[in-house]
Every structure is written in C-alpha cells, then in structure tokens.
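The values are calculated or read from the model by the stated rules, or taken from the named source; none is laboratory data. Just so you know, these numbers come straight off a predicted model, no measurement behind them. Cβ coordinates were reconstructed from backbone atoms using ideal geometry, including for glycine residues, and neighbour counts include every protein chain displayed.
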Amino acid sequence: MSALPASSRDTLLLTALVLLTTVTAIVSSLGAPLVPAIARTYDVPLSSAQWVLTTGLLSGAVSTPILGRLGSGRLRKPVIVAGLTIVTLGSLLAALPVPLPALVLGRACQGVGMGLTPLAIAVARDVVPAARLPRAVALLSVTTVTGAGLGYPLSAWVAQLGGVHAAYALGATLAAGTLAMAVLVVPHLPGADPQPVDWTGALLLSAGMVALLLGVSQGEHWGWDDARVLALLGGGAVVLAAWTAWTLRRAQPLVDLRLATRPGMMSPNLVAVLAGVGMYTLLTTAVVLVQADPARQGWGLGEPVVVSGLLLVPYALASVVGSRLAQRVRELAGPRALLPIGCAVFGVATLGLATFHGSLALALVWMGLGGLGSGFTFSSLAVLMLPFVPASETGSAMAFNQVLRYLGFATGSATAIALMAAFGGGEHGFVAALWTTSLVWLLAGGAAFVLDRRALVRAPAGSASGR
C-alpha cells in the first residue's frame, strides 16, 4: 500500500472503510427479515424466534461504547480486526444447522459489528485529508442505513432460495472478505496508548441498556402492563441513572457525558435517538402494509415476504443520494440547515405513506423519499459533531451517538406494532401510528434548529480537524 500514490492510498482506504461499515450493517440486519422463517425452521413461536433480532441489537448496544474506548489509541486497527473476527466466527456458527440457542449466540457475535462504524470514522479522521474528510465521514455514517436497507431484501431472497442458514453463510462470506481487506488496507497508526476502559461504567451502562431494550422488545409479546416488562423498564431506568451519577464522578469515563451534552453535541445526539425511532417505525409499518392480506384483514397490499424486502431497495439507494445532497446543502446553506431539512423530508414521507398507500408503487415512492431524508439526516450527524470533538475522543463520542441510534431503532421497531394496536389495529391503526410518528420528526427537526442556533456559529478553537 505504501508504494501507491497518496490519492490512491486514500481511495483504497476509504473503499475498505465503506466496505467494513456496509458489510457489518448488512450482517447485523440478518435478523429481522428471517424471524418468521426461523420460527418455521425451528418450530418455535415468533416470540422465541424474535431473540435472533433482539440479541443482535443488545450485543451492538453493549459492545459499541467499549470498542469505541478500546480503539481510542494505537490499538485502533487491532480492535477493528478483532471485531471483524468475532463477526465472522458468529456468522459461521449461525450458518451451521445448530440448535436455536447456538444461533442466538452467533447473532450476538454478529451484533459486535455494529460497534465498528465509530472506529472506521476515527480512522478516516486520522488519515483522510481535511478537504475530503466531511464527505468521507458522511459516507461512512450513512452506510449503517444503506447496509440495513440492502440486507433486508438480500437476506429474504437468499433465505427463500436456500433456507435460513444460507443467508447466514452469505453473511460469513461477506464478513471474511471484509476482515481480509481490513488486515491488508487499514493502517497501523502511531499514537498514544488506548485510554483505560471504565469497566464498572461499562457494566452499569450495559445492564441498563439490556434491561430497557429487553423491556421494549418484549413489550409487544408479554404485554406493556406485564410485571416483567414494567420491572425491566423501571430497573433499566434506575441502573442508567446510577451509571450517569457514576460517570459524572469519573476522570476517564466510558462515555464523556459532559462532552456529549455540550453545545454542538446535544443536537446530533438527540436527533440520533428520535430519528432512529422514526426510521424503524416507518420501515416496520411499511412492511406490515405490504404483507397485510386485504382478503382476510380488509386492507393492505397482500404481497409476499420477498416483495416487502424489495420495498427497502429504493430506501437504501435513496439514502446514498440523500447523503450527497446533504453535502451540497451544507456548502450552500451552512450546517444549521442539515438536520431540520432531513427531518422534514422524512416527516413528509411518513405523512405521505399514511395518506396515500393504495398501491405498491405509492409505497415505493414514499420509501424512496424516506430513504432520502434518512440519508440526509444520518450522514449529517457525525459531520456536525466532529468540530466539537477532540481527536482523542472521536471513537468514544461517535460510539455513544451510535448507541443512541440503536436505542432508537429498537424502540421504533417495537413500538410501531404497539402503536398500531393501541389505535385499534387495521388500516386505522396504521394511519394513526404514522401520524403520531410524524410528530417525532417535527420534534427532532425543531429541537435541532433550537439547539444549533448558537452552537454552530463557532466551533471550539483547534478542534475542527484534530489533525
């Protein structure tokens, strides 16, 4: 790699990082579309098969801040390689005809890949020239959305042709190829020793998030008034409050909450949660619309599972276009416009699907517009954060923002069905749930505008690039 011209090396490295973040997003998304097939394959109820999705989200939420801290210094490449190795081994395990608990374990290993995107952004900040850095960071940020959008139809198609384990075998192949490229291309960079990990804080944060995500993900199956759900949600909130108190007293915490809540950081972190909720609510309700049988349920499009997977193709492709448009808007109108515009576009897509959903063509149009808003929004988060983050804290700060996204994803996925049921189910529940979700986008866009009003006028001196 050293014999190549500098521009070629930068291009090759960025290609490797994009491949890393896209493939790990695809592999991590191999849970949701396969849940019904896993239930049939293992002859278990959907609530049991749902653990292949829940476990991946839990693993990603737990591992992301830890990997972000471990990869904060000269061990960045070894941590990336170790993470990809775990993802590959987990994919290989899931590809075998193993019992369901072993499959769930494999999914937990795959979820570790969700924590590698912040490290990829940190590598880009270390290596990519300052003039190209915003575009590189925006591209890496949106691959989590694009990869998930591509993973849904890809996994549904492969599973239909070769079964559940064939889909995971494909994930193992992709992960192994990415691992090889990371070993060859990602550079070893000199730097400080990695910062110490606050393992007590990691335990508290992990326990709190696990409890909350379990409560949210199981609320639909157990009932939102079930004592177990209430205990998980209440216990998770108490543990996270204890983690907050612990963190604020530490000199080197797992997540620097003071940094995460300073001007310039609050807006991207808040929007990460709200946009995650809105995104997965739209995806979940759209899949319900496409698969609902009008002959039996009185509404819906009555399409097979493969078609509902293909519904996300325009979403994934439009998210890339949205990330490029965000760069252009940033150059013309400044950074303050990014999040409000992205949230507004996604809000229009949500309202459009609620109002006009009588055909598959209309659903594809609204999903494309949703992808545009999603790419616009998620690609902007890291770009807006970088000027306010010291270079040594890049991995940790981006990891925390990523965790907030995952919390939003899990909440949106679980509450979408609950909202539809709360509003009476059927088409009325579908419409009411989407109208309610549009309020989330209104809140996210309004909060971004208010919080950024003064924060983006001037970045802290000397922190713009960290180079």
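Total residues in the range 226-236 satisfying the condition of being in a helix (DSSP H, G or I) and surrounded by fewer than 19 Cβ atoms within 10 Å (Cβ to Cβ): the figure is 7.
Look at the range 410-432: where a residue is in contact (Cβ under 8 Å) with a residue 60 or more places away in the chain and a partner is among the hydroxyl-bearing types (Ser, Thr, Tyr) and surrounded by fewer than 19 Cβ atoms within 10 Å (Cβ to Cβ), sitting 6+ places away or on another chain with Cβ atoms under 7 Å, you get 419/436.
Within the range 375-428, the set of residues being at positive phi and out of contact with any Gly (no Cβ under 9 Å at 6 or more places or on another chain) comprises 424, 425. Among the listed residues 162, 223, which satisfies the condition of being exposed (fewer than 15 other Cβ atoms within 10 Å of the Cβ) and at positive phi? Of 162, 223, the one residue that is exposed (fewer than 15 other Cβ atoms within 10 Å of the Cβ) and at positive phi is 223. Considering only the range 275-293, I want to know if a residue exists there that is in contact with a Gly (Cβ under 7 Å, 6 or more places away or on another chain), outside any loop (DSSP other than H, G, I, E, B) and over 17 Å from residue 416 (Cβ atoms). No; the residues of the range 275-293 include none that is in contact with a Gly (Cβ under 7 Å, 6 or more places away or on another chain), outside any loop (DSSP other than H, G, I, E, B) and over 17 Å from residue 416 (Cβ atoms). Is it the case that some residue within the range 265-279 is within 24 Å of the chain's Cα centre (by Cα), in the same structural domain as residue 443 (by TED's automatic domain parsing), surrounded by fewer than 20 Cβ atoms within 10 Å (Cβ to Cβ) and of a type in the set (Ser, Thr, Tyr)? Looking through the range 265-279, none of the residues is within 24 Å of the chain's Cα centre (by Cα), in the same structural domain as residue 443 (by TED's automatic domain parsing), surrounded by fewer than 20 Cβ atoms within 10 Å (Cβ to Cβ) and of a type in the set (Ser, Thr, Tyr).
Answer yes or no: is there a residue in the range 327-349 that is part of a loop (DSSP other than H, G, I, E, B) and either buried (at least 19 other Cβ atoms within 10 Å of the Cβ) or not assigned by TED's automatic domain parsing to the domain that holds residue 436 (or both). Within the range 327-349, not a single residue is part of a loop (DSSP other than H, G, I, E, B) and either buried (at least 19 other Cβ atoms within 10 Å of the Cβ) or not assigned by TED's automatic domain parsing to the domain that holds residue 436 (or both). Only one residue in 175, 207, 241 is outside the structural domain of residue 338 (by TED's automatic domain parsing), assigned to a helix (DSSP H, G or I) and within 30 Å of residue 126 (Cβ to Cβ), so which one is that? Selected residue: 175, the only one of 175, 207, 241 that is outside the structural domain of residue 338 (by TED's automatic domain parsing), assigned to a helix (DSSP H, G or I) and within 30 Å of residue 126 (Cβ to Cβ). Just one residue in the set 363, 354 is surrounded by fewer than 23 Cβ atoms within 10 Å (Cβ to Cβ) and farther than 30 Å from residue 73 by Cβ; that residue is 354.
Return a yes/no flag: does the range 181-195 have any residue that is closer than 18 Å to residue 67 by Cβ, in a helix (DSSP H, G or I) and modelled with pLDDT of 85 or more. Looking through the range 181-195, at least one residue is closer than 18 Å to residue 67 by Cβ, in a helix (DSSP H, G or I) and modelled with pLDDT of 85 or more.
The residues in the range 91-120 that are touching a residue at least 60 places away in the same chain (Cβ under 8 Å), surrounded by fewer than 20 Cβ atoms within 10 Å (Cβ to Cβ) and outside any helix (DSSP H, G or I) can be counted, and the count is 2. Looking across the range 210-225, just one residue is under 25 Å from the mean Cα position of the chain (by Cα) and either modelled with pLDDT of 90 or more or not in a helix (DSSP H, G or I) (or both), and that is 224.
Here's the yes/no breakdown for (1) in a helix (DSSP H, G or I); (2) within 14 Å of the chain's Cα centre (by Cα); (3) within 19 Å of residue 25 (Cβ to Cβ):
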site	(1), (2), (3)
52	yes, no, yes
61	yes, yes, yes
86	yes, no, yes
125	yes, no, no
136	yes, no, yes
147	yes, yes, yes
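All told, residue 246 falls short of being modelled with pLDDT under 90 and outside the structural domain of residue 443 (by TED's automatic domain parsing). In the set (1) more than 19 Å from the chain's Cα centre (by Cα); (2) touching a residue at least 40 places away in the same chain (Cβ under 8 Å), residue 362 fails one condition alone, (2).
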